[in-house]
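Inspection log for the structure reproduced underneath, given as C-alpha cells.
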Amino acid sequence: MNLSKLARSIPESPTLKLNEKARTLKEQGKPIINLTVGEPKNKTPQTAVDGVQEMLMKGNIKYSPTAGDLTLKKAIIRYTEENYGKSVSPANIIISSGAKHSLSTLMLTLLDPGDEIILIAPFWVSYPEMAKLAGAKAVVVYPNENFQPELKDIEHAVTKRTKAILINSPNNPSGVIYKEKFIEEITDFCESKNIYLIMDDIYHKLIFDGVKHTSIYKFMSKDIDTSPIILVNGVSKTYGMTGFRVGWTIAAKEVISTMANIQGQTITCVSNLLQAAVEKVLNGSQDCVTDLLKTIEFNRDVVLKGLSKINNIKITRPEGAFYCFPDFSNYSKDSLSLCEFILEKALVLTVPGKEFGAEGHLRISFAGNSSEIEEGINRIWWALDPKAPEEIQIGNRKLIRNWNLKG
C-alpha cells in the first residue's frame, strides 16, 4: 500500500511487541515468565473505582474541556504543591491520554523539523520515535558506566539546533536516580540558555531505601510562565493505573494553550469518566502508593539477590522505578540475540538494551509477582552461567544445559 514514508519509518514499540509475544506463548501453554512488563500488578485503587461508579451513576459521560476538567486540575494543583512545593494555576496544566500522549503532544508543540532534542542514554524506547514524528532529531548523550549524567556531557552535545533536553529520573530502564547536583545544574543551564527542559517524572514516587524525591522546581529561578522547565506526570506507574491513560503536563501558559490546540484537533479531550477516577485517587488516601512501593522494593531485592549469583555481569543497583538494567556483554554484546537465546532456552522474556541506547544490557522488570521474578532470574542464571547447576525444572520438564556461553 502507498503509505507515508514517515509512517513506514516508525517501528513497532519493542516492549509492546514483546508483551504480545508473551501473551501468545502463554496461550499456547508455554511456561513463559515475562520480565518485560512495564506495569505493576496491584489492583486498581478503590478510590478510582468509586470515582468511576459515581460518574456512571450520574449518567453524564460527555465531552470535557480539551485541556481537562477543572476538578482534576485542582487535584493536580494540590498534588503539585504537596509533592513538589510549587503552586501553579489551572492554565499551566493540560490533561492528556497518559504521560506518553503528554510527551508526544509536547514534542509536536516544541519541535520544528530539523530541531534537536537531547536524550540521556539509557532512554525510554519511545522518545526517539516521538521526536521523529515531530520531524526532529534525537541526539543521545552517553553518561558514565553508572548511568549518572554530567552537565559537561550535555554542554558538548548542544548545538544551535538544540531546542529541548529530556530527562527521566528515576530512569527507565536503569532505575537510576540522577544526582541532585545534576538536576540543579541542568535546570540552571536550560534557564540561562532558554532551552526547554522536559522532566518525565512518571516514577517520582517509586523511590527506594528512604531516598527523597528531588523536585525540579527547587532549582527553578524564573516564573513558570517564562521558564523553559516542563514537568510531565501521570497515574500509570505510581498508582498502577496503566489502563486509565491519564497524564498531565505543567508548563508555561503559552505551551499549554498550544498543546490544547493540537489535542483539540486529535483526541478532542480525555474521557471525563477517567478524569473523575484520577481526581478521586489524587485527593484520596495514598496508602495504595505506600503498599505498592513496599511490594516493588521487595521485588527489587529479589532481583538483586538472584542476579548476584550470575558470574561476569555488571549490575547498577536500581534506586527507583521497577527495572534493573544489568550489563550482560561478557556473554554477548548483541542484546537482541541474547534475549532470543534466553527465550529459546529458558522461556524467559527480557528487553534488549539496544532499544534503550545501551547495547549489551538487558532490561529486567520487577513489577510482577516476586515468585515468578525469582524463578525467571534463576532460569537466566541456568541458561547463561556455566557455573550454575546443569539441571533445571521448567514447567513439567527437567532440562539439562548442554551448551556453554563464554561468560
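The values are calculated or read from the model by the stated rules, or taken from the named source; none is laboratory data. These numbers were taken from a predicted model, which means no experiment stands behind them. Quick reminder, even Gly has a Cβ in these numbers, built from the backbone with ideal geometry, and neighbours come from all protein chains shown.
Here are the numbers for the structure shown:
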{"read-out": "Single residue of region 333-369 satisfying the filter (closer than 15 Å to Tyr323 by Cβ and among the small types (Gly, Ala, Ser)) that is surrounded by the fewest Cβ atoms within 10 Å (Cβ to Cβ)", "value": "Gly368"}
{"read-out": "Residues located in region 183-230, provided they are farther than 22 Å from Ser257 by Cα, among the hydroxyl-bearing types (Ser, Thr, Tyr), assigned to a helix (DSSP H, G or I) and within 23 Å of the chain's Cα centre (by Cα)", "value": "Thr187"}
{"read-out": "Some residue of region 250-263 being in contact with a Phe, Trp or Tyr (Cβ under 6 Å, 6 or more places away or on another chain), on the phi < 0 side of the Ramachandran plot and among the small types (Gly, Ala, Ser)", "value": "no"}
{"read-out": "Pair list, Cβ under 6 Å, 6 or more apart: region 298-316 residue assigned by TED's automatic domain parsing to the domain that holds Pro173 and surrounded by 18 or more Cβ atoms within 10 Å (Cβ to Cβ), other residue modelled with pLDDT of 95 or more and in a loop (DSSP other than H, G, I, E, B)", "value": "none"}
{"read-out": "Residue pairs meeting the criteria (Cβ under 8 Å; at least 6 apart or on separate chains; first farther than 15 Å from Asp291 by Cβ, in region 231-244; second charged (D, E, K, R))", "value": "Leu231/Asp201; Val232/Asp200; Val232/Asp201; Asn233/Asp201; Ser236/Glu39; Ser236/Arg245; Thr242/Glu39"}
{"read-out": "Residue check, Phe322 at pLDDT 95 or above, within 22 Å of Thr295 (Cα to Cα), buried (at least 24 other Cβ atoms within 10 Å of the Cβ) and not charged (D, E, K, R)", "value": "yes"}
{"read-out": "Test: Gly29 is free of Cβ contacts under 8 Å to residues at least 24 places away in the same chain, small (Gly, Ala, Ser) and assigned to a loop (DSSP other than H, G, I, E, B)", "value": "yes"}
{"read-out": "Breaking point among (1) surrounded by 13 or more Cβ atoms within 10 Å (Cβ to Cβ); (2) assigned to a helix (DSSP H, G or I), for Ser64", "value": "(2)"}
{"read-out": "Residue within region 90-98 that is surrounded by fewer than 21 Cβ atoms within 10 Å (Cβ to Cβ) and either modelled with pLDDT under 95 or under 30 Å from Val176 (Cβ atoms) (or both) present", "value": "no"}
